[in-house]
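So the structure is just underneath, and the comments pick up after that.
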Amino acid sequence: MASIPSPIHPENLKAVNKIAEISGQNVHECMQCGTCSAVCPMVESMGFTTRMGIHYLQFGEIEPVIDARIGEFCASCQTCLVRCPRGIDVPRVFEAVRQFVLRTNTDLVKPADISKDTKGDAPQIAYVSTFRKLTS
């Protein structure tokens, strides 16, 4: 019997599988009901809704999800997990995307690029959390 080829580019499929391995979640179980986006307190800060992020991952479109930086904006309040009818741990998926990016050893923040005004006004804990979350 012939197998049906995947419409997802092999490199993107590899990335989606790695994200599934890191998160322990299968994004293909999502039925796109939008409940996660409806209850997310951070959805206005993100580049697009959490539902759209999962949708992109289902089709192997990794770059838009990385560019939106949902993993950095997620408050990890777990509201989407509690409300998800399929029980998908959405914060864990987007944390896995963030971890996937960090494992490429590409720093998203460079201390030398932070302006002097910001350095003087920002609390130290902001630096610590930013460096933990955005550097490899």
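The values are calculated or read from the model by the stated rules, or taken from the named source; none is laboratory data. This is a predicted model, so every value here is computed, not measured. Neighbour counts are summed over all protein chains in view; Cβ atoms, including those assigned to glycine, are modelled from backbone coordinates with ideal geometry.
Annotations
- Scanning the stretch 19-41 for residues that are over 13 Å from Gln58 (Cβ atoms) and within 13 Å of the chain's Cα centre (by Cα) returns Ile22, Ser23.
- Selected residue (criterion: modelled with the highest pLDDT) from residues of the stretch 119-136 that are surrounded by 11 or more Cβ atoms within 10 Å (Cβ to Cβ) and among the β-branched types (Val, Ile, Thr): Thr130
- Scanning the stretch 106-118 for residues that are surrounded by 10 or more Cβ atoms within 10 Å (Cβ to Cβ) and at pLDDT 75 or above, we see that the one that is farthest from Asp67 (Cα to Cα) is Thr118.
- Within the set Phe48, Phe94, the sole residue that is assigned to a loop (DSSP other than H, G, I, E, B), within 25 Å of Asn17 (Cα to Cα) and either touching a Pro at 6+ places or on another chain (Cβ under 6 Å) or at pLDDT 80 or above (or both) turns out to be Phe48.
- In the stretch 86-105, the residues that are farther than 14 Å from Thr50 by Cβ and touching a Ser or Thr at 6+ places or on another chain (Cβ under 7 Å): Leu102, Asn105
- Checklist (1) basic (Lys, Arg); (2) touching an Asp or Glu at 6+ places or on another chain (Cβ under 8 Å); (3) closer than 18 Å to Gly34 by Cβ applied to Arg98, failing item: (3)
- For the stretch 65-80, filtered to residues that are over 9 Å from the mean Cα position of the chain (by Cα) and buried (at least 16 other Cβ atoms within 10 Å of the Cβ), the residue that is farthest from Val16 (Cα to Cα) is Thr79.
- Residue ID - nearest to His28 (Cα to Cα), chosen from residues in the stretch 42-71 that are out of contact with any Phe, Trp or Tyr (no Cβ under 7 Å at 6 or more places or on another chain) and of a type in the set (Ser, Thr, Tyr): Tyr56
- Just one of the listed residues (Ile62, Ile54) is closer than 13 Å to Val90 by Cα and modelled with pLDDT of 90 or more, and it is Ile54.
- The residues of the stretch 15-41 that are touching a Ser or Thr at 6+ places or on another chain (Cβ under 9 Å) and part of a loop (DSSP other than H, G, I, E, B), listed by number, are Gly34, Cys40, Pro41.
- The selection criterion, being surrounded by fewer than 17 Cβ atoms within 10 Å (Cβ to Cβ), within 18 Å of Pro41 (Cβ to Cβ) and modelled with pLDDT of 80 or more, does not hold for Arg103.
- Members of the stretch 72-86 found to be in contact (Cβ under 8 Å) with a residue 40 or more places away in the chain and farther than 15 Å from Ala38 by Cα, listed by number: Glu72, Arg86
- From Gly53, Gly60, residue being buried (at least 18 other Cβ atoms within 10 Å of the Cβ) and either part of a loop (DSSP other than H, G, I, E, B) or more than 13 Å from the chain's Cα centre (by Cα) (or both): Gly60
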